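The values are calculated or read from the model by the stated rules, or taken from the named source; none is laboratory data. Remember, predicted model here, so these are calculated numbers, not experimental data. As a convention, Cβ positions derive from the backbone with ideal geometry for all residues, glycine included, and neighbour counts pool all protein chains shown.
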């Protein structure tokens with residue numbers, strides 16, 4: 001089923017939407033969840049984004065997260081397991097009308113995926129010129145591929161890879 005690619009102007013309510021949802025998730029996952037972070041474009045101040053709140057959870061053990069899948073379903077999430085990324089547990093939430101509202105990616109605490117996602121978010125928030133370039137790219141791709149989420153995502157990959165390399169060089173001290 002094709003997914004509409006829709007990017008909208010930054011919504012100052014996104015951080016509060018993250019906080020509200022993360023509290024519910026933390027209550028379900030309890031002590032198995034170490035931390036939950038707001039990631040993705042809705043966590044980058046001032047840029048256009050798909051209006052989907054992306055969250056990244058750091059867990060003590062992924063098996064413990066698996067044991068909470070039914071409770072996550074009770075919160076309205078669909079549990080999708082690794083969903084193409086080894087070492088991840090992925091959950092997504094939609095409105096009754098089928099519009100996606102939230103993504104939750106859970107990894108073991110401290111893994112490379114956690115560092116990569118947080119590094120990208122933090123770099124973009126510290127460098128608004130790069131964030132605006134990313135925003136413009138997202139708008140261009142959404143206009144070019146309004147019904148093709150794969151083409152939209154593929155179009156962002158080179159830019160994201162460039163930022164990931166910049167962040168990795170800075171983290172290694174190069």
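Here are a few things to note about the model shown:
- Search result, residues across the stretch 96-116 that are more than 20 Å from residue 43 (Cβ to Cβ) and at pLDDT 95 or above: 108
- Flag if residue 151 is in contact with a helix residue (DSSP H, G or I) (Cβ under 8 Å, 6 or more places away or on another chain), more than 27 Å from residue 75 (Cα to Cα), at pLDDT below 95 and not in a loop (DSSP other than H, G, I, E, B): no
- Exactly one residue out of 82, 35, 78, 71 is surrounded by fewer than 18 Cβ atoms within 10 Å (Cβ to Cβ), at pLDDT 95 or above and touching a helix residue (DSSP H, G or I) at 6+ places or on another chain (Cβ under 6 Å), and it is 71.
Conditions (1) more than 15 Å from the chain's Cα centre (by Cα); (2) touching a residue at least 12 places away in the same chain (Cβ under 8 Å); (3) under 29 Å from residue 125 (Cα atoms), marked per residue:
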position	(1), (2), (3)
29	yes, yes, yes
40	no, yes, yes
45	no, yes, yes
57	no, yes, yes
68	yes, yes, no
73	yes, no, no
93	no, yes, yes
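- Filter result for residue 44 (in contact with a helix residue (DSSP H, G or I) (Cβ under 6 Å, 6 or more places away or on another chain) and either buried (at least 16 other Cβ atoms within 10 Å of the Cβ) or under 17 Å from residue 93 (Cα atoms) (or both)): yes
- Which numbered condition residue 64 fails, given (1) touching a residue at least 40 places away in the same chain (Cβ under 8 Å); (2) surrounded by fewer than 17 Cβ atoms within 10 Å (Cβ to Cβ); (3) touching a helix residue (DSSP H, G or I) at 6+ places or on another chain (Cβ under 8 Å); (4) over 28 Å from residue 169 (Cα atoms): (1)
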